[in-house]
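This report concerns only the one structure given below.
No lab work stands behind these numbers, since they all come straight from the coordinates. In this text the structure is predicted, and so the values were computed from the model without any measurement. In this analysis, Cβ positions are derived from the backbone assuming ideal geometry, glycine residues included, and neighbour counts consider all displayed protein chains.
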C-alpha cells in the first residue's frame with residue numbers, strides 16, 4: 001500500500017500522490033506575511049476548538065499562521081490571511097512548489113510568494129522549518145497528524161488538528177473550523193455556501209450523474225495482484241458524491257471493516273465483482289489505461305469493459321479532487337467534472 005503522505009494528494013507515482021481571486025473571501029489584503037487586513041469578529045476570542053487530539057484554546061487573533069495540511073493554506077488565503085508557512089506541493093504542484101489557484105488568491109489578497117515559506121514534508125513534519133516561521137497558530141485540518149507529532153508541534157504554537165478522520169475531514173468542516181480559529185466564522189460560512197453553490201451549478205447541467213455508482217482506485221505498477229480502493233471516508237469519494245455519484249457497494253462493504261482506513265484492497269481475482277458505473281484511477285508508467293484494461297484479471301472490472309473510466313494523467317487536476325478546497329473546487333468542476341461525464345458516456349478520459 002502506498003504511503004499515506006503521498007496518497008493523500010494523489011496516489012501512486014511509484015504506486016503509492018485556475019482559479020482567479022476568490023469572490024467571497026474578506027475584502028482587503030495583507031500588508032505583511034501573516035497580517036490580515038480583514039476584520040476579526042469582536043467576540044471571536046478566546047475560542048476553544050475541539051479536534052482529534054483534544055482541545056486547543058486560542059487566546060487572541062493569530063498574527064502568524066503556519067499550516068501542515070496541503071489544503072490548509074488554500075483555506076487560510078481564501079479567508080483573507082497570508083500564511084507564514086505551508087508544505088511544498090510536491091505532487092500536482094507548480095514549479096514553485098505551490099498551486100496556480102493558491103498563487104492567484106495570494107496575489108488577490110496582496111500577498112507575495114516570498115511571504116510564504118514552503119517547507120518540504122516528504123520525510124515527515126519538518127518541525128525545525130515550521131518553528132523558524134515563528135507561528136502563533138499551526139493548522140492541520142487537511143492532515144493526518146499523529147498525536148506524537150501534534151504534541152511536538154504544540155511546543156512551538158497552539159495546534160488545531162483534523163476533526164473527523166485522518167486526511168478525511170470534509171472541506172466544509174475544514175473551512176468552518178479554520179474560520180473559527182481565525183475569527184472569521186461569518187466569512188467562512190459565506191465561503192462554504194459560495195463554494196457549494198459553484199459545485200451545484202456545475203453539476204446541475206449533468207443530471208445523468210445522479211445516483212450512478214463510482215469507485216476511485218489505485219494500482220501498484222510492480223504488483224497488479226490487487227486493486228487499491230479509496231474508502232468512503234476519503235476525500236476523493238467525498239468529492240465524487242458532491243458531483244452526484246453514490247459509493248460503489250463494493251467499496252461500501254470493504255470500508256466497514258476499518259472506518260478509519262483511507263484505502264482498502266480487493267484481490268485482482270475478484271476484480272469482476274467491483275460494482276461501479278464509473279472507475280477513476282491514476283495513470284502512471286506501468287499502470288496506465290492500456291496496462292490495466294489489458295490485464296487478464298483487472299480488465300474484468302465491469303466499468304473498464306464498458307469503457308466508463310477516467311485514467312487520470314493530469315496530476316494538478318487530480319489534486320483538486322483529492323485535496324478539495326474553496327480555491328481548488330473551480331478546477332475540479334471545470335476540468336475534472338467533464339472527464340467523468342465523458343467516461344459515463346463510454347468515452348474514457350485521461
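Overall form of the range 87-215: prolate. Here a/c, set by the Cα gyration tensor axes a ≥ b ≥ c, is 1.5 or more, and a/b is the larger of a/b and b/c. The calculated FRET efficiency for residue 45 paired with residue 260, based on their beta-carbon distance and R0 = 35 Å, is about 0.60.
Classify the range 38-126 from the C-alpha gyration tensor, please: rounded if a/c falls under 1.5, else prolate or oblate depending on whether a/b exceeds b/c. Spell out each step's value before the answer.
Details: a/c = 2.50, a/b = 1.37, b/c = 1.82.
It comes out oblate by the Cα gyration axes.
Note the full-extension length gain between residue 134 and residue 345 as 0.36 nm times their separation in residues minus their Cα-Cα distance, in nm to one decimal.
On the way: separation 211, 0.36 × 211 = 75.96 nm, distance 5.18 nm.
Gain on stretching residue 134 to residue 345: 70.8 nm.
Relative contact order (percent) for the range 208-344, with alpha-carbon contacts under 8 angstrom and 6 or more residues of separation? Walk me through the numbers before you get to the answer.
Details: 244 pairs, mean separation 35.3, N = 137.
Relative contact order, the range 208-344: 26 percent.
For the chain, the 222 nm mean residue ellipticity estimated from helices alone, with every DSSP H stretch of n ≥ 4 adding -39500 (n - 2.57) and the total spread over all residues, rounds to -8000 deg cm²/dmol.
If you plug the beta carbon distance of residue 173 and residue 296 into 1/(1 + (r/R0)^6) with R0 = 56 Å, you get a FRET efficiency near 0.85. Most simply put, the chain has about 40% antiparallel DSSP beta bridges, counting only bridges with both residues inside it. Each of 147, 88 was scored by other Cβ atoms within 10 Å of its Cβ. Arranged with the fewest first, they read 147, 88. One entry in (1) 29, 22, 21; (2) 35, 21, 18; (3) 40, 22, 17 is semi-axes √(5λ) of the Cα gyration tensor in Å calculated from the shown coordinates; its label is (2).
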